[in-house]
1. Could you check which residue among Asn217, Asn329, Asn316 shows the biggest mean-square fluctuation in a GNM of the chain with a 10 Å Cα cutoff?
2. Would you check the accessible area of Lys257, probe 1.4 Å, heavy atoms only, in square angstrom rounded to 10?
3. Taking 0.36 nm per residue of separation and subtracting the Cα-Cα distance, what length does fully extending Met282 through Lys261 add?
4. Name the residue farthest towards the positive end of the dipole of segment 178-308 from the options Leu263, Ser278, Val184, assuming +1 on Cβ of Lys and Arg, -1 on Cβ of Asp and Glu, about the Cα centre.
5. What nm distance separates the two modelled labels at Gln14 and Lys177, each placed 7 Å from Cα along Cα→Cβ?
6. (i) -0.37, -0.73, -0.88; (ii) -0.34, -0.66, -0.80; (iii) -0.67, -1.01, -1.09: which one is log10 I(q)/I(0) by the Debye sum over Cα atoms at q = 0.08, 0.11, 0.12 Å⁻¹ as calculated from this entry?
7. Can you give the accessible area of Cys48 in Å² (nearest 10), computed on protein heavy atoms with a 1.4 Å probe?
8. What is the extension gain from Val189 to Gln241, computed as 0.36 nm multiplied by their sequence separation minus the C-alpha to C-alpha distance, in nm to one decimal?
Amino acid sequence: MFQRLIDINGQGGQLFVPEGSLSLKSVQQMFRELSEKYFSPLLRVLRCGNLHCNVNVFPAPTDYDRPHDFQHVYKELFREIAICGFLDISDVASPPFISRHLVLPTSSTREKPEELKVDSEKGEAKEDDEDDTVDGRTPAFTVLLHGSLKVEGMVALAQIGEGWYGMLYSWADSKKKSNLMLAVFEPGVDSIPWLGELNHLAPMSSFKQSPYGEEDNKTPFPVRPPDRRSYSQNCVVWIKQAGLQADIQKILRHARKLPEKQLQFYKELNRVRRAALSFGFMELLDALSAMLDRECTLLPGTAHPDAALQLSHASNALRSETARDYAQNVVPLTTNFSSGD
């Protein structure tokens with residue numbers, strides 16, 4: 001029955017059951033087989049020029065084998081993770097990736113002695129401290145790379161297959177602990193549109209003038225397409241945090257000038273609402289509703305009465321089910337003040 005459920009799901013998987021009679025040994029053997037098949041790290045060589053070291057990639061990435069719109073794409077992983085160059089985190093922003101993996105140096109295979117040192121005074125067994133810290137004292141290129149990326153605020157672009165790239169970066173799960181991670185992109189040289197084709201990236205020494213300017217105050221990204229469209233395209237781009245903040249601040253500026261800016265207010269509100277629905281960013285609608293409620297409470301006593309009515313109406317409209325419908329727009333509230341103007 002369980003195997004039928006796995007087959008119906010169509011997402012792969014396998015059924016593991018203890019062999020023989022149910023006992024501690026059979027259960028341990030079952031979990032050992034499970035961990036060896038699905039949770040074993042992948043051994044690879046991380047290389048940057050003449051620097052290299054063996055690393056464990058966990059969870060183990062797999063070869064890419066998926067159907068696309070007009071072809072079936074199969075990409076095989078290389079034995080090496082070759083670093084091609086380095087980029088600022090602000091230029092890479094938040095690229096789309098298919099999986100993330102933890103990169104760790106391979107542990108030492110040195111075996112611990114079975115004999116334990118006995119404390120003559122307390123009679124307690126103590127392990128050899130030198131053997132416990134042997135891995136911590138072993139030099140590793142991953143430690144150097146992780147520290148450099150973290151301090152400099154950069155990422156490393158790496159090739160993991162033929163026409164297949166990934167990104168090495170420092171990721172922190174807390175304020176004190178951080179790890180070296182590998183983000184695997186979709187196969188292809190154009191997996192990150194705003195960086196252009198990845199095989200066209202070059203070191204700064206290849207340019208006569210620095211693409212970041214003499215004072216490091218500009219960036220060559222995003223790369224603009226060579227063909228210029230003949231029609232205007234009012235699209236919403238939230239690759240960077242500043243883009244989202246600018247759109248929200250624009251709505252709030254129009255909200256503070258109601259009812260004079262009523263047309264512009266609802267136009268920008270619907271534009272951001274449709275973008276949030278397209279991206280699946282439903283939390284933004286609730287946040288915008290709370291911001292409009294706050295603006296309503298902060299209105300001065302000299303404000304037009306219609307301003308409070310429109311803000312409350314827009315806030316309630318964002319919380320309603322109609323706001324989740326892409327085809328519906330949030331329209332202005334018809335009031336005695338607006339009809340008399």
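The values are calculated or read from the model by the stated rules, or taken from the named source; none is laboratory data. Everything quoted here is computed from the prediction, not taken from an experiment. Reconstructed Cβ throughout: ideal geometry from the backbone, glycine too, with neighbour counts over all protein chains shown. These area figures cover heavy atoms from the full protein model, side chains too; ligands, DNA and RNA do not enter into them. Shrake-Rupley method; radii C 1.70, N 1.55, O 1.52, S 1.80 Å.
1. Most flexible of the set in this elastic network: Asn217.
2. Only protein atoms counted, so the area is about 120 Å².
3. Values: separation 21, 0.36 × 21 = 7.56 nm, distance 2.57 nm.
Here the answer is 5.0 nm.
4. Positive-most Cα among the choices belongs to Leu263.
5. Label-label distance for Gln14 and Lys177, simple model: 2.9 nm.
6. Comparing each candidate, only (iii) matches the computed number.
7. Probe radius 1.4 Å; accessible area of Cys48 about 40 Å².
8. Details: separation 52, 0.36 × 52 = 18.72 nm, distance 2.51 nm.
Length gained between Val189 and Gln241: 16.2 nm.
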